Structures are given as C-alpha cells and as structure tokens.
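Read the structure below first, then the notes.
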Amino acid sequence: MNPEDIQVETSSSIKQLDANDLEAPKTPPSDRFAQRANSQKDITINLVTDNQESNPFAEKVTTDDKPFVSEPTNESTTVSSTIDSADKLNDKLGKSDSVSNVFSPKARLNPVPAVLLPIHYQLPTRRWVDSSVFYDLPYLDNMANVIAKVYPNNSQRPKRAIKTVEQAVDTPDPYATLVNSNSWRSVALLARNDIIACHPANVDELMRLYYIRWSSMIKLRLYDIVQGEMDKLRVNDSQDLFFEKYPDVFEGRKGLMISFDVLVLIHKLPSYKKNIHESIHRFYKLLCPQKPTDFRPTKEQHIRILFHIINLLIQIPDISLAIQVMKSMLEEFKSNPDMWSMLGRLQLQIGELSSAIHSFHQVEVILGITSPDSEPLAQPLLDQFPRPDLVLFQRGVIFLAKDLTSEAINMFTQLITILPDSSAAMNNLSIAQLYSGNVSQAASFLESFIVSNPAVSAKYPNLVFNLSSMYDLTDSSLSKKKALIQVITKGCGDHFDSDYLKL
C-alpha cells in the first residue's frame, strides 16, 4: 500500500449531505497533489444557503451510500404527530389543510388505514398509502458478518447499538432513536407503517414519510427496491398529482403534490445505479419545463438542481464541464466567498493549481483579509479574521498541493483548535503528517478522533478507510484493525460498508 492510496479531503465546512450539498467524486488529475488523492471517493461542497424547510429530519439525513466528507451537528428526526379525540380527528379529516394521524406505539406497529370521507376517494394519493406498494426489505448487515469472523466467541463480541422498530416506538421520538443508532432498516420499516396510517389528503406528511423511507433505503443501497416502489406509484407519470385537480379537498392550493425533495430522489436514483447520464438528463428536464403542467422550480430549487448536475458531471467524470457550470453560477454569486471556495476546490481536483489559488484569493479579497492587487494567499493572518473555516482550510490544501507540509500542518492545526469536531480538518492534518513521513503521528491523530467520537465511523467512513490504510504501513496492521472494529462497532449502523476496513 502506498501513501497515494490515502484519501485527501478538500472540503472545509462539513455537514451531513442533503440536496443542498455537492458531492464531487474524485477523478484522476495530472498534478502530483491530485495523484496522491486518486482513490478519493467524494468531495462535499456546501451550497451557500442551508435550507431545511422541507427536510424531514431536524438535522440532516445522508442520502449517499458512501459520503466522503460530511459533518452533522446532531442527527435527529421528528414526525409530526397529533393525538386528537375521535370528534376532532373526524373534523380534521374533512379539511384540506389540516389532516392528522393518530400515532400511538401500538398503531405504529400494526398500522390501520385512515378513515376516508367520500371526497377523498378520488385522490390519487390513495395508492401511496396502499400497503401493496411496499416490498419486503432484506436484512443486510455485512458489518455483523465481519464482527462474527473477527470475534468467533459470542461473549467477546462488542455490542452494537442497532435498534428495532419495537424498541423505538415507545421512546419520545422513535425516528430520532433509530437515526441516532444508525438503524436505517428500522427507519424505513417505521416510515412504511406511518405511511399506511397516513391520510391520503395529508400530502405534505406523506411526502415527508416517503422521503424518510427512500432515503434510508438508499443508505442501505437497496436501489432496485426503491425503484420498484417508485414504479408502483408511477412517479414518472404525475399528470394526476396536482392539487388544483381536487379543489374540494385542496381548496386554493396549486402545484405538484410530489415534494421537491422526493422529486430530487426520483431524478437522482439512476445515478446510484451507475446510470449517471440518465440522472443528468432528468435534472436538465426539470430546468426546462415544456408543458404547462410541468414542474417549474423556484429560483432556489433551480440552484439546487444545478448543484446536483455539477455533482453528476464530476461522477462521469467531467470536472472541467462541472467547473464551467460553477463559473456560470458565479455570475450571480460574485460576492459570495463560499462559491469561490467551491470553484477553487474543484479546480484543485484537476490539477489547476494556479486557477485554484486565484479562486481562493478571491475568497480572501471578499472577506477583506487581503487586497485584490496583493500576492495571492501571501497576506499574514491576524489573530482574528472572518471565516477561518474557509481561509485556513483552503490555505492548508494549497500548501499540501505545493508539498509545503509544515505550513499545511500549521493551517490544519489552527483549524482544529477552532473546529475540534471537524472531520475534514482532522483528516487532512493526519494526511499532512503522513506526507511529512510521520506515519505513527498521522495514525494517532485519526485514532484519537475516532475513539473520542465513535459515531464518526458511520458518518465519515473514509476516516476509517484512511486509518486502515495507515495501519497497512505498519507491522501490526491486523491487530490494530481488530482494535478499530472494537471502537467503531457501537457507532456504525446496518448501512456501514466493511470494505472501508480493508480487511
């Protein structure tokens, strides 16, 4: 194993991935810095604004099976549940804007379809709450198989935190319980039960529950099953899914019933199954509505779609075209430092070092750290300056690109002081130590970070991959990996890919 196998992160602000994020897979570039990172899986670049308006979770839920860089605060989820008397519930069932469900622990384990009034029988969303839509989910947990092989004696096996629906429904917030324990199969099963019990006129709740279910199944890499359920619902034939067609139920409401987040999942699904060009084609069709009934994105949604297109272009890979799209977006975001930083990181991916330095220089000019005419990235930093998360990180990766490892270590060390929970900063500090020839110190940084944050393995599995790669440079690789399994077992969920351990 060579140091070039280590995955370098080029993102500074780490968050859980959602539709607002850009995940840019690595393509082999020509310069020495990029060659070191030629096995990199993803790069996360965050959109300027973080809109959680339609997110089903209080925080973020990743929809990528192998996120490279992501850093949440606290991953949790809440489901709106209103328990009313029978009279109040019946009153709500007759209203278009206030339909509720009764979610009790018993009902969530054995869901009963909602009571419908005659005006609801015409709704196309009736098929969305039909139990025949759903497929059985296989129990896939390859980490459990690894643990069983490494620890043949059952009494010595480390305990896992994965929970069942039955264990979660009695808690104050079952979804939070399941998400925090990375029990994604159970999340999907609970969402199924809640969908069956959901009233077909409660469209917003219904879409949110489907987003939860399908996102969880995508984390489990059950792409074909997600596609099968979408096909049963005829999501690509949405002519009857408009609110204005049912004025008796949705008085005064117009537009497509399918939420934007669910629409994104529908369009992005082919890319998970390696049909990236199909996803790009679908997203471009969203941007160019042809018929009066076609979905028309808002300005914010338009930007988010462009970011998805950029992400997919990089997966092809066609980073050069992705950069062109990013530059076109900069015409509207000329004064936004985040956008310039995104552009610089993409330029760095294909070895355009001078272009990346120019883009990063624009960030510091916008922040008032330096003047437009000064030498790029040469201005000494004061004790306090704006956006250290951007400035320190991008200076650090530029130093790495120039083989100035001591300076890179200094930048990432300062960043860790400011953002001690930053996975990207800790990872790149470790990488800088590795490039300086200090393998034991490099591994020590990642070890201490993972030990102090066991759940980090589930959220950022590439840290586990990098640490395992560093272990391969030592004489006691197997014993160290066995100890690593002991540490990450509680945090990794049923979606964790054991290949990151490089056993």
**Study point:** Modelled label reach - Asp237, point 7 Å along Cα→Cβ, the stretch 106-140 residues with backbone N closer than 11 Å
**Key:** none
Review point. Which GluC sites (Glu not before Pro) from the stretch 320-384 combine a DSSP loop assignment with at most 14 other Cβ atoms within 10 Å?
Key: Glu331, Glu332
Revision key, fill the gap. In order over the stretch 271-285: 3J(HN,Hα) from phi, Karplus 6.51/-1.76/1.60, θ = phi - 60°, whole Hz, x for each Gly or Pro, gives 5, 5, 9, 6, 9, 5, 4, 5, 5, 4, 4, 5, 5, 5, 5
Revision key, fill the gap. Computed ³J(HN,Hα) along the stretch 382-389: with the Karplus parameters 6.51/-1.76/1.60, θ = phi - 60°, integer Hz and x for glycine or proline, the list is 7, 4, 10, 7, x, 6, x, 4
Study note, to complete from the structure: Shape call for the stretch 174-294, from the Cα gyration tensor axes a ≥ b ≥ c (a/c under 1.5 means rounded, otherwise prolate when a/b beats b/c, else oblate), comes out oblate
**Study point:** Built amide H within the under 5 Å cut-off of Phe242, gap 5+
**Key:** Met257
Practice item. With a 1.4 Å probe and all protein chains in place, put Cys288, Cys198 in order of accessible area, largest first. Key: Cys288, Cys198
Review point. So which trypsin sites (Lys or Arg not before Pro) in the stretch 243-296 pass both tests, a DSSP loop state and at most 14 other Cβ atoms within 10 Å of the Cβ?
Key: Lys254, Lys273, Lys274
**Study point:** Nitroxide proxy distance, nm - points 7 Å out along Cα→Cβ at Phe385 and Asp204
**Key:** 4.4
Practice item. Between the alpha-carbon centers of the stretch 263-303 and the stretch 160-224, tell me the distance in whole angstrom. Key: 25
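Could you tell me what percent of the accessible area of the stretch 357-503 is made up of carbon and sulfur, with a 1.4 Å probe and every protein chain present?
Values: 3050 of 5760 Å².
Reported share for carbon and sulfur atoms: 53 percent.
Please say if the stretch 343-435 is rounded, prolate or oblate, where rounded means a/c under 1.5 for a ≥ b ≥ c the square roots of the C-alpha gyration tensor eigenvalues, and otherwise the choice is prolate for a/b larger than b/c and oblate otherwise? Working shown, then result.
Values: a/c = 1.76, a/b = 1.19, b/c = 1.47.
Note, shape of the stretch 343-435 comes out oblate.
When a/c is below 1.5 the answer is rounded, else prolate if a/b is larger than b/c, else oblate, so apply that to the stretch 407-503 with a ≥ b ≥ c taken from the square roots of the Cα gyration tensor eigenvalues.
Working: a/c = 2.25, a/b = 1.30, b/c = 1.73.
In terms of gyration-tensor shape, oblate.
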Practice item. Take the cross-link list Lys159/Lys502; Lys291/Lys459; Lys299/Lys459 and give me the ones stretching past 32 Å between alpha-carbons. Key: Lys291/Lys459
Review point. Taking a point 7 angstrom from the Cα of Leu117 along the C-beta vector, which residues in the stretch 238-262 have backbone N less than 16 Å away?
Key: 246-253
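The values are calculated or read from the model by the stated rules, or taken from the named source; none is laboratory data. All figures in this text were calculated on a predicted structure; none of them were measured in a lab. Heads up, the Cβs are rebuilt from the backbone with ideal geometry, glycines too, and the neighbour counts pull from every protein chain shown. When the accessible area is computed, the model is the full protein with side chains, heavy atoms only, and any ligands, DNA or RNA have been set aside. Shrake-Rupley method; radii C 1.70, N 1.55, O 1.52, S 1.80 Å.
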